[in-house]
Amino acid sequence: MNHRSSSKPMLYTLGFLFCLISAFAVFFTGVKVGADKVEAKYEKLNADGQSSESFAYYRQTDLVTFYHNVFSPYREFKRNWNEQVDLLIRGSGADRTEILKNLRNLADGAYSQVTQDSIFDESPLLKQGQLNILKSLRLFSEAAGKASSASGKAQAAKVLKNGEFAAGAVRYGLLAQSNYYASMLKWGSQKNSSIPSETGNLKTIPLAKWNKMPLLQKNAAIAEIMLNRSIFEDYEPQDVTAKIDNLTHSGKAASLKLKDIQSATSLLVSTGAIRERDFSRWRQQYYSKETVPQLPFFYD
């Protein structure tokens, strides 16, 4: 009798342990299955992300939408930012505090103007360009705030030209520009089989090769050169293209012994020879038969 009663607690204990082990087994099996599902999900998302460019389609309507909702507000901001920073560098009579306040307001105002909703899901380069411009404007605002604590105009100007925030802002802005012009090249290649979808090797572009390139490829190449050299000016890549093309067509490139586009760009930038709207000056003369999207800066 005593033996039978003493075995009951043991049976209860063994039963409890069995249930506990079973519960743990079910739990860890569930975790494993869930983890496998999550891993499979992210592997699929990663694969979709990697292959998205292969199935991307760049429509003219998207290029126009990007221009009006993203690029144009940033373009206007860049022009005003450069003008205000130039005032600071020249040490004009304008109040430093007022200039820095204006700069921060410019960046914040442009940020609110740029469309922040993701509207380019089918065009990865445009989507990335939109994000890069928003990052650029946020960093420009931070740069203006950082410069406010600087002592004197010279120090503030240094922060705005060479500071960490400003350098990052310029890079993101130029990266967005490169994204946009690469998108135009993609669009052109889908419209015209003679236009490549990529810029190709940009280490050195001989003038002979340059002269055979379509306009959209030239512009995309210049956008990459501007990115690599941190050329953050009011003019656009097509203005640089037009200035170089005029050099070659007029024979000045040969007389200056210029052999490649990189050296030609360096010369033009260093001498301040490029102006906003230079493309418009030679649009009819050099580019009347080129395939370009219907964007204002190609037709104004």
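The values are calculated or read from the model by the stated rules, or taken from the named source; none is laboratory data. Everything numeric here is computed off the predicted structure, so don't read it as measured data. Every residue, glycine as well, gets a Cβ built from its backbone with ideal geometry; the counts of neighbours run over all protein chains shown.
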Of all residues making up segment 131-162, the number that are among the small types (Gly, Ala, Ser) and either touching a strand residue (DSSP E or B) at 6+ places or on another chain (Cβ under 6 Å) or buried (at least 18 other Cβ atoms within 10 Å of the Cβ) (or both): 7
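List the helices (runs of 4 or more DSSP H) that sit entirely inside segment 217-277 and contain at least 1 residues that are in contact (Cβ under 8 Å) with a residue 60 or more places away in the chain and of a type outside the set (Asp, Glu). Write out each step before concluding.
Working: elements: 237-250, 252-255, 261-270.
In segment 217-277, 237-250 are the helices (runs of 4 or more DSSP H) which contain 1 or more residues that are in contact (Cβ under 8 Å) with a residue 60 or more places away in the chain and of a type outside the set (Asp, Glu).
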Residues of segment 109-130 satisfying the condition of being touching a helix residue (DSSP H, G or I) at 6+ places or on another chain (Cβ under 8 Å), over 14 Å from residue 73 (Cα atoms) and surrounded by 17 or more Cβ atoms within 10 Å (Cβ to Cβ): 120, 123, 124, 125, 126, 128
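Determine, yes or no, whether residue 287 is touching a helix residue (DSSP H, G or I) at 6+ places or on another chain (Cβ under 9 Å) and more than 27 Å from residue 80 (Cβ to Cβ).
Working: touching a helix residue (DSSP H, G or I) at 6+ places or on another chain (Cβ under 9 Å): yes; more than 27 Å from residue 80 (Cβ to Cβ): yes.
Yes; evaluated as a whole, the condition is true for this residue.
I need the full set of residues from segment 198-216 which are in a loop (DSSP other than H, G, I, E, B) and in contact with a strand residue (DSSP E or B) (Cβ under 9 Å, 6 or more places away or on another chain), in order please.
Step one: list which residues in segment 198-216 are in a loop (DSSP other than H, G, I, E, B), which gives 198-205, 211-214.
Selection gives 204, 205.
Conditions (1) assigned by TED's automatic domain parsing to the domain that holds residue 85; (2) modelled with pLDDT under 95; (3) farther than 30 Å from residue 158 by Cα; (4) not basic (Lys, Arg), marked per residue:
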position: 100; (1), (2), (3), (4): yes, yes, no, yes
position: 104; (1), (2), (3), (4): yes, no, no, no
position: 109; (1), (2), (3), (4): yes, no, no, yes
position: 117; (1), (2), (3), (4): yes, yes, yes, yes
position: 125; (1), (2), (3), (4): yes, no, yes, yes
position: 129; (1), (2), (3), (4): yes, no, no, yes
position: 135; (1), (2), (3), (4): yes, no, no, no
position: 139; (1), (2), (3), (4): yes, no, no, yes
position: 142; (1), (2), (3), (4): yes, no, no, yes
Any chance residue 183 is in contact with a Phe, Trp or Tyr (Cβ under 6 Å, 6 or more places away or on another chain) and either assigned by TED's automatic domain parsing to the domain that holds residue 244 or buried (at least 17 other Cβ atoms within 10 Å of the Cβ) (or both): yes
Test for residue 199: is it closer than 20 Å to residue 277 by Cβ and surrounded by 22 or more Cβ atoms within 10 Å (Cβ to Cβ): no
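State yes or no: is residue 267 more than 15 Å from residue 226 (Cα to Cα), assigned by TED's automatic domain parsing to the domain that holds residue 223 and of a type outside the set (Asp, Glu)? Lay out the reasoning, then the answer.
Working: more than 15 Å from residue 226 (Cα to Cα): no; assigned by TED's automatic domain parsing to the domain that holds residue 223: yes; of a type outside the set (Asp, Glu): yes.
It is false that residue 267 is more than 15 Å from residue 226 (Cα to Cα), assigned by TED's automatic domain parsing to the domain that holds residue 223 and of a type outside the set (Asp, Glu).
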Any hit, segment 58-70, residues being farther than 23 Å from residue 188 by Cα and not aromatic (Phe, Trp, Tyr): no
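Which one of these is polar (S, T, N, Q) and closer than 30 Å to residue 292 by Cα: 84, 177, 155? Before the answer, list the steps.
Numbers: 84 fails: closer than 30 Å to residue 292 by Cα; 155 fails: closer than 30 Å to residue 292 by Cα.
From the options 84, 177, 155, the qualifying one is 177.
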Residue in segment 145-166 that is within 16 Å of residue 77 (Cα to Cα) and without any contact (Cβ under 8 Å) to a residue 40 or more places away in the chain present: yes
